[in-house]
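Report on one structure; see the data block that follows.
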Amino acid sequence: MNRSVLAALLLLGAPSLAAAPAASSPISAKARAIHESALIIDTHVDTPLRMLNEGFDVGSQPPNGQGHLDLTRARAGNLGAAFFSIWVEPKEFAGQYTHQTLRIIDSVLSAVEKHPDQMVLALSSKDIVAARAGKQKKLATLMGVEGGHSIQNDLGVLRDFYRLGVRYMTLTWSNTNEWADSSGDIQDAAVKHHDGLTDFGRDVVREMNRLGMLVDVSHVSDKTFFDTVKVTRAPVIASHSSARALTDHPRNMTDEMLKAVAANGGVVMVNFFSAFVDDTYRKAYAAMATERKAAEAAVEAKHKNSDPVTRFRADSEVSWEWAAKVPRPPLEAVINHIDHVAKVAGVDHVGLGSDFDGINSSPQGLDSVADLPRITEALVARGYTREQLHKILGGNLLRVFREAERVSRELRATPSVQR
């Protein structure tokens, strides 16, 4: 996401941190072997915004050195599958959500078409496994719509997104839409809320179940979350959320929610954003808010009439510049969240949802997808076994996807909801 997204994400708290191996230390042979043998899945990367707004070719290196994902670094990190986020800024594109969603989907499909030797569009769990078979090992490329506002209250649009390859939808982004409350504005009295899901929102969840589209509960309000787990017939995912017990922010999951995800059979994919995993970083960043927002506004005004690529790069650069004023937290901050979810929900219910290319700061040692082996190394140091790590790195998400497909096969015999 761009800097306007980041500004909405910065009221946080975080865990105390245990000692960790140096971020620059080499990966042990044991950890490397486990990592290379795993099917690694990241359920949330925001690279499509770079593709559309910056003209970035995922087959090249980022032009300004600030990106987190490209095909070279994906191979270096043994990334097997990535869900590319299809996110539409709700204020900028009011009334045009579906059109803008289609533009971003097109950018992902175009990237796959441009790099058929390295990428393949994955529409099923079988496609993910097949993409990694043999020597070539292509990146299984999936899409997730981030924010239910994109369907503009039309289940036909939801179905069309599925037909185009979208395999999850986050019910809300940071904005409450017309059928589901968001954690991002739940305390804003000026926003019309619904006490969770509306009847139409329940129909959205049911239709997603019927289609086989994963129901994503990141960003939603607590009430929306609990309404969703009551309605859904399939396991849910939280595509990029961490543990609220360690970082007290409404975007993260409470222990009660973690247990509910486990009971539902779902999975929580841990976010890497520095301000979501370290309270020291959060406080220092928040202390600069007035100056930072003034700097961002000045850049925005300066480039108001510039071309889209120039505007996007300028916005990104000022965001990264201010984030860099605060020391990054240690890698162990992310590991603590993974460990907490594993302990509370169970090792079958945790995975990785980095938010790469949508965040302007990540913990030390996690500069890009090439650094994913460092997570494996740190979890090996915590005593996690090969079997457990294979689950965390991607197996849990694959299991949930397969179960959603099974539920879909059962429900496909029933008519779709005509709304």
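The values are calculated or read from the model by the stated rules, or taken from the named source; none is laboratory data. Model, not experiment: these values are computed from the prediction. No Cβ is skipped: glycine too gets one built from the backbone with ideal geometry, and neighbour counts run over all protein chains shown.
Exactly one residue among Leu393, Leu389, Leu366 is on the phi < 0 side of the Ramachandran plot and not in a helix (DSSP H, G or I), and that residue is Leu366.
Restricting attention to the range 344-356, does a residue exist that is touching a helix residue (DSSP H, G or I) at 6+ places or on another chain (Cβ under 9 Å), surrounded by fewer than 20 Cβ atoms within 10 Å (Cβ to Cβ) and touching a residue at least 60 places away in the same chain (Cβ under 8 Å)? Yes: the range 344-356 contains one or more residues that are touching a helix residue (DSSP H, G or I) at 6+ places or on another chain (Cβ under 9 Å), surrounded by fewer than 20 Cβ atoms within 10 Å (Cβ to Cβ) and touching a residue at least 60 places away in the same chain (Cβ under 8 Å). Is there a residue in the range 290-308 that is of a type in the set (A, V, I, L, M) and modelled with pLDDT under 85? No; the residues of the range 290-308 include none that is of a type in the set (A, V, I, L, M) and modelled with pLDDT under 85.
Beta carbons closer than 8 Å, at least 6 apart along the sequence or on distinct chains, pair a first residue in the range 70-96 that is assigned by the TED database to the domain that holds His240 and farther than 16 Å from Ala140 by Cβ with a second that is of a type in the set (D, E, K, R) and in a loop (DSSP other than H, G, I, E, B) for Trp87/Asp46. What about Phe84, is it modelled with pLDDT under 95, surrounded by 22 or more Cβ atoms within 10 Å (Cβ to Cβ) and in contact with a Gly (Cβ under 9 Å, 6 or more places away or on another chain)? Taking the combined requirement at face value, the residue does not satisfy it.
The residues of the range 340-358 that are touching a Leu at 6+ places or on another chain (Cβ under 8 Å) and in a helix (DSSP H, G or I), listed by number, are His340, Val341, Val344, His349.
Residues are listed down the side, and each one gets a yes or a no for (1) surrounded by 15 or more Cβ atoms within 10 Å (Cβ to Cβ); (2) more than 19 Å from Thr224 (Cβ to Cβ); (3) basic (Lys, Arg):
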position: Ala260; (1), (2), (3): yes, no, no
position: Val268; (1), (2), (3): yes, no, no
position: Asn271; (1), (2), (3): yes, no, no
position: Val277; (1), (2), (3): yes, yes, no
position: Ala287; (1), (2), (3): no, yes, no
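Scanning the range 186-244 for residues that are part of a helix (DSSP H, G or I) and not hydrophobic (A, V, I, L, M, F, W, C) yields a total of 14.
Restricting attention to the range 328-355, which residues are of a type in the set (Lys, Arg) and more than 13 Å from Ile392 (Cβ to Cβ)? Selection gives Arg328 alone.
Restricted to the range 245-324, the set of helices (runs of 4 or more DSSP H) holding at least 1 residues that are under 19 Å from Ser182 (Cα atoms) comprises 255-264, 274-277. The single condition among (1) touching a residue at least 12 places away in the same chain (Cβ under 8 Å); (2) within 21 Å of Ile105 (Cβ to Cβ) that Arg132 does not satisfy is (2). Could you list, in sequence order, all residues of the range 89-143 that are surrounded by 17 or more Cβ atoms within 10 Å (Cβ to Cβ), assigned to a loop (DSSP other than H, G, I, E, B) and in contact with an Asp or Glu (Cβ under 8 Å, 6 or more places away or on another chain)? Answer for the range 89-143, where residues must be surrounded by 17 or more Cβ atoms within 10 Å (Cβ to Cβ), assigned to a loop (DSSP other than H, G, I, E, B) and in contact with an Asp or Glu (Cβ under 8 Å, 6 or more places away or on another chain): just Lys138. Comparison of Leu49, Leu69 shows that the only residue that is within 14 Å of the chain's Cα centre (by Cα) and modelled with pLDDT under 95 is Leu49.
The rows are residues; the columns are (1) aromatic (Phe, Trp, Tyr); (2) free of Cβ contacts under 8 Å to residues at least 12 places away in the same chain; (3) crowded, with 24+ Cβ neighbours inside 10 Å.
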site	(1), (2), (3)
Ala243	no, no, yes
Met253	no, no, yes
Lys293	no, no, no
Glu300	no, no, no
Ser306	no, yes, no
Val309	no, no, no
Asp315	no, no, no
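Within the range 325-353, being over 26 Å from Ala287 (Cβ atoms) and touching a strand residue (DSSP E or B) at 6+ places or on another chain (Cβ under 7 Å) holds for Ile338, His340, Val341, Ala342, Ala345, His349, Val350, Gly351, Leu352, Gly353.
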